[in-house]
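Note sheet for the following structure.
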Ligand code: ATP
Ligand code: MG
Ligand code: MG
């Protein structure tokens with residue numbers, strides 16, 4: 001794992017602040033357990049890990065920001081822990097915002113007592129307008145006793161309590177709207193997945209984040225730059241409560257073309273069964289991209305290469321998959337698969353009598369991948385597209401075998417019935433010409449002897465879920481969901497493919513890279529997902 005980390009090649013500075021020898025640096029990754037980690041979260045986790053553990057010898061906290069019982073589940077929490085481990089991110093300490101509910105409650109009481117907060121029952125719509133227009137709430141100057149009494153009503157979730165919220169008393173008309181008396185506590189009777197029905201009031205992110213960061217000795221709170229406007233209220237909370245200072249540090253959120261990275265939208269896509277689940281290979285989750293065939297070292301390299309820049313760009317997937325290709329090429333053994341619906345039977349003249357088997361390298365360059373069996377006989381199949389391109393007496397190359405001359409081409413009688421039109425080939429005779437120079441032929445084709453156990457493999461190619469490069473906030477997700485994102489092709493593969501296991505990454509000659517999603521078993525076809533390489537989509 002440590003070697004892998006060194007390969008990231010990252011070297012960034014946390015900037016501005018004295019960091020001493022770095023051992024005192026504390027960062028935190030604070031996911032809300034309301035969904036699976038997506039690659040944007042992976043960026044946040046890897047950057048925090050980078051500063052805590054690689055750049056400095058500090059501490060990384062994993063904190064579940066579990067303050068909204070409506071959206072949170074144990075299932076999500078467990079998945080986040082697993083995915084971080086998978087990415088090689090090892091937190092030194094696991095904490096929960098919900099562990100601080102008592103302290104947070106007490107801090108809120110203190111704010112109410114000290115006149116730094118007030119209870120408000122202004123209706124949501126009106127509150128929004130007042131904040132927009134810099135108008136004070138009618139409740140802004142209520143006496144502390146009233147505010148405290150209302151907070152107690154909220155704590156018991158009485159009918160009265162449910163009408164109220166607590167707001168920090170910062171400013172009515174600050175040009176920075178984040179400073180206009182943000183809500184810091186809400187009443188909610190929902191059952192919490194960790195604290196059960198003990199609490200009926202929940203702190204907002206704006207309130208608990210600075211407090212818990214400070215209590216937990218976080219030195220650098222890394223946040224995406226959309227939070228820049230909220231840095232001022234973060235600092236205000238710390239000052240109002242006389243808490244230890246924390247330094248805010250912004251980085252650009254990760255965005256990808258034709259991709260949504262919002263848990264709310266991803267939840268919609270999963271719940272509507274538009275995909276198979278959170279680990280669907282079309283999902284931009286850590287599990288999804290892994291299932292599509294990205295390796296963890298490639299994911300780390302790609303994300304850390306983006307670095308802590310503050311420029312928000314809409315990344316394309318080409319460079320993501322191009323980075324992955326560098327990682328998978330040296331580990332991908334090569335096999336052969338032939339499109340089953342378009343296979344052409346071929347007789348090879350001059351082949352050795354009977355069936356003959358040789359051991360060949362699984363990859364000509366990376367011989368550490370071992371050897372595979374190649375079966376030779378006079379009965380082989382190759383693909384229609386190749387067969388249809390051959391001319392009478394043309395010399396071609398059978399890959400891993402040698403040259404052969406096209407001696408006879410049979411065409412179908414009813415060309416209109418075939419999708420390949422006039423040139424549909426129903427059979428070929430090839431005469432081996434092994435002394436021929438393989439460097440001189442222009443066609444090098446894949447083939448398979450039918451005298452072996454050909455393994456059925458279903459190849460699956462995926463497309464983007466979203467049809468628009470960049471969804472705007474006013475766009476409706478459903479209007480931009482791609483109706484066809486899955487293309488399946490039945491193929492027959494060489495006998496070695498029977499031994500492949502789930503998760504193996506391989507190459508089918510001339511077809512590309514694939515990740516085995518389901519191994520061949522009990523006569524059921526193997527399923528292989530095409531891994532993009534950056535060239536095509
Ligand atoms: P989402 O919009 O997906 O719901 P979130 O911020 O609400 O994201 P959290 O679980 O609170 O979800 O996020 C955990 C951390 O991941 C936060 O520090 C957040 O800033 C960061 N994060 C979320 N999305 C991205 C992104 N696209 N790029 C970089 N960091 C992100
Ligand atoms: Mg959040
Ligand atoms: Mg968000």
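No value in this document is a laboratory result; all are computed from the given coordinates. Note that the coordinates shown come from a computational prediction; the quantities given were computed from them, not determined experimentally. Glycine also receives a Cβ, built like all others from the backbone with ideal geometry; neighbour counts cover every protein chain displayed.
Ranked highest first by average number of other Cβ atoms within 10 Å, how do 493-499, 113-119 line up?
Descending packing order for the listed peptides: 493-499, 113-119.
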(message) Please compute the contact order of region 334-531 in relative form: average sequence separation of alpha-carbon pairs under 8 Å and at least six residues apart, divided by the residue count, as a percent.
(response) 24
(message) What FRET efficiency comes out for residue 242 versus residue 195 if R0 is 22 angstrom and r is the Cβ-Cβ distance? Round to the nearest 0.05.
(response) 0.25
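Could the peptides 258-266, 379-387, 206-214, 480-488 be put in order, highest first, of the mean number of other beta-carbon atoms found within 10 Å of their residues?
Working: 258-266: 18.0, 379-387: 21.0, 206-214: 24.1, 480-488: 12.3.
Top of the packing list down: 206-214, 379-387, 258-266, 480-488.
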(request) Measure off 7 Å from each Cα along the Cα-to-Cβ vector at residue 450 and residue 82, then give the distance between these two points in nanometres to one decimal. (result) 4.4
(request) Would you mind checking region 179-209 for residues with the amide N under 18 Å from a putative spin-label position 7 Å along Cα→C-beta of residue 74? (result) 191-199
(message) If I fit a long axis through the Cα atoms of helix 39-49 and take the longest principal axis of the Cα atoms of the chain, what angle between them do I get, 0 to 90°, rounded to 10?
(response) 70
(request) Evaluate the distance, in nm, between pseudo-label points positioned 7 Å from the Cα of residue 57 and of residue 174 along their respective Cα→Cβ axes. (result) 4.0
(request) Over region 12-109, consider all pairs of different Cα atoms and compute the Kirkwood hydrodynamic radius from their mean reciprocal separation; express it in Å, one decimal. (result) 14.5
(request) Tell me what the chain gives for mean residue ellipticity at 222 nm when only DSSP H runs of n ≥ 4 count, each as -39,500 (n - 2.57), the sum divided by the residue total, rounded to 500 deg cm²/dmol. (result) -7000 deg cm²/dmol
(message) Suppose the chain between residue 106 and residue 408 were pulled fully straight at 0.36 nm per residue; how much longer would it get relative to their current alpha carbon spacing?
(response) 99.8 nm
(request) May I ask you to compute the full-extension gain from residue 389 to residue 503, defined as 0.36 nm times their residue separation minus their alpha-carbon distance, rounded to one decimal in nm? (result) 37.5 nm
(request) Report the relative contact order of region 419-537, percent, no decimals, based on alpha-carbon pairs under 8 angstrom and at least 6 residues apart. (result) 26
(message) If you fit an axis through the alpha-carbon atoms of helix 101-113 and take the longest principal axis of the Cα set of the chain, what angle between them do you get, 0 to 90°, nearest 10?
(response) 40
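Among the DSSP beta bridges whose two residues both lie in the chain, what percent are antiparallel, rounded to the nearest 5?
70
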(request) Work out the P(r) tail for the chain: percent of alpha carbon pairs separated by more than 45 Å, whole number. (result) 33
(request) Of the DSSP beta bridges with both residues in region 223-377, give the percent that are antiparallel, rounding to the nearest 5. (result) 60
(request) Only residues of region 292-316 count here: report those whose backbone N is under 17 Å from the spot 7 Å along Cα→Cβ of residue 482, or say none. (result) 292-294, 315-316
(request) Rank the residues 99, 129 as a footprinting-exposure proxy: fewest other Cβ atoms within 10 Å of their Cβ go first. (result) 129, 99
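Report relative contact order for the chain in percent, whole number only (criteria: Cα-Cα under 8 Å, sequence separation at least 6).
Computed value for the chain: 12 percent relative contact order.
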(message) Taking a virtual spin label 7 Å from the Cα of residue 426 along the C-beta vector, which residues in region 369-413 bring their backbone nitrogen under 19 Å of it?
(response) 380-390, 392, 407-413
(request) Round to the nearest 10 and give me the degree value, 0 to 90, for the angle of helix 74-86's Cα axis relative to the longest principal axis of the chain. (result) 60
(message) I'd like the FRET efficiency for residue 128 and residue 94, computed as 1/(1 + (r/R0)^6) with the beta carbon distance as r and R0 of 41 Å, rounded to 0.05.
(response) 0.65
(request) Quickly rank 517-524, 336-343 as a protection proxy: mean count of other C-beta atoms within 10 Å, highest first. (result) 336-343, 517-524
(request) Using 0.36 nm per residue of separation minus the Cα-Cα distance, give me the extension gain between residue 361 and residue 232 in nm, one decimal. (result) 40.2 nm
